[in-house]
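The values are calculated or read from the model by the stated rules, or taken from the named source; none is laboratory data. The shown structure was predicted, so the numbers you read here are calculated from the model rather than taken from an experiment. Glycine also receives a Cβ, built like all others from the backbone with ideal geometry; neighbour counts cover every protein chain displayed.
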C-alpha cells in the first residue's frame with residue numbers, strides 16, 4: 001500500500017495535499033457562487049430602476065381621442081361618462097373613477113378592449129383597424145418628454 005503524502009499534522013490528524021486542493025477549490029466555488037448572486041441582484045436592481053423611472057407620468061386630467069390622426073374628442077377624466085366613437089366601425093369608451101377603457105369594439109382583434117383601464121399621463125389605448133388612439137394627457141395639456 002502506497003504511503004499517503006501528508007502536508008500537515010494538526011491535533012494528530014494528517015491532511016493530504018489532494019484534500020487541501022479540494023478544500024481550496026470548494027472555497028473558490030463558494031466565491032464564484034457569491035459573485036453570481038451579487039451579479040443577479042445588481043441586474044434585478046437595475047431592471048427595477050429602469051422600470052420605475054420609465055413608466056408613464058402622474059395621474060392624468062384628460063382623455064384625448066384621435067381618429068385617423070385628427071382629434072375628435074377631449075374629455076375630463078374626473079367626469080364619469082360613456083362615449084361611442086364611430087358608427088359602423090365603433091368603439092365604446094367608458095370613463096369612470098378617474099380611469100378610461102374601451103369596453104366594447106366592433107374590430108376583429110379587440111386589442112383595444114384587452115388593454116384595460118388607463119389613468120396615468122402618457123398611457124394609450126390603440127385600435128389599429130379603426131385608426132383610433134386614446135391617450136391620457138396631464139392637466140397642462142402639454143406633451144411629455146417621450147411624446148415630443
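Numerical summary
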quantity	calculated
The one condition in (1) under 22 Å from the mean Cα position of the chain (by Cα); (2) modelled with pLDDT of 95 or more that residue 94 fails to fulfil	(1)
Residue, farthest from residue 138 (Cα to Cα), within the stretch 99-110, restricted to residues that are out of contact with any strand residue (DSSP E or B) (no Cβ under 7 Å at 6 or more places or on another chain) and surrounded by 14 or more Cβ atoms within 10 Å (Cβ to Cβ)	106
